[in-house]
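The values are calculated or read from the model by the stated rules, or taken from the named source; none is laboratory data. For clarity, every value in this text was computed on a predicted model and none was experimentally measured. Here Cβ is always computed from backbone atoms with ideal geometry, including for glycine, and neighbour counts include all displayed protein chains.
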Amino acid sequence: MKEGICTAVGVVGSAIAAAFGGWDQALVTLVIFMVIDYLSGLIVAGIFHNSRKTENGALESRAGWKGLCRKGVTLLFVLIAYRLDLALGVNYIRNAVIIGFMANELISITENAGLMGIPLPTVIQNAIEVLTRKASVSKDGEQ
């Protein structure tokens, strides 16, 4: 029985890893960043009651569920990027998407640390401001 369950889990895990282009260091790093971001968000809301995702700053199951859904959609984009790599016969779209999402997760982790009162180095604060400005400019369609 135990061997059957382990085999089934292994087959399912292998199929999922293959669908995402393999379980390489880039995907492992993205998943680690996603877990750290989610856990640090739980700490900000649950312990510090300082979350920007809820009205009172405290834990809310709806905000947590939204966060998990966003993480799931992030992984779907990795899957889409890998399939684009295969369809176009290239080998860079998946990695570019993973790097972009890793940067986004890192910014969120840094913001959560700031909400916990952890002093952030000025260079990181400046980088976040620059990235935030660039993101808002691209959303507005301006150059």
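Below is a table of values for the structure above.
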quantity: The one condition in (1) assigned to a helix (DSSP H, G or I); (2) without any contact (Cβ under 8 Å) to a residue 40 or more places away in the chain; (3) more than 24 Å from residue 124 (Cα to Cα); (4) not aromatic (Phe, Trp, Tyr) that residue 22 fails to fulfil; calculated: (1)
quantity: Meets criteria (in contact with a Phe, Trp or Tyr (Cβ under 6 Å, 6 or more places away or on another chain) and part of a loop (DSSP other than H, G, I, E, B)) for residue 57; calculated: no
quantity: Unique match (being touching a residue at least 60 places away in the same chain (Cβ under 8 Å), polar (S, T, N, Q), outside any loop (DSSP other than H, G, I, E, B) and farther than 30 Å from residue 18 by Cα) among 126, 50, 112; calculated: 112
quantity: Any hit, region 79-99, residues being in contact (Cβ under 8 Å) with a residue 60 or more places away in the chain and in a loop (DSSP other than H, G, I, E, B); calculated: no
quantity: Some residue of region 60-71 being surrounded by 12 or more Cβ atoms within 10 Å (Cβ to Cβ), more than 19 Å from the chain's Cα centre (by Cα) and at pLDDT 95 or above; calculated: no
quantity: Test for residue 130: is it at pLDDT below 90 and among the aliphatic types (A, V, I, L, M); calculated: yes
quantity: Residue 117 being surrounded by 11 or more Cβ atoms within 10 Å (Cβ to Cβ), out of contact with any Asp or Glu (no Cβ under 8 Å at 6 or more places or on another chain) and at pLDDT below 95; calculated: no
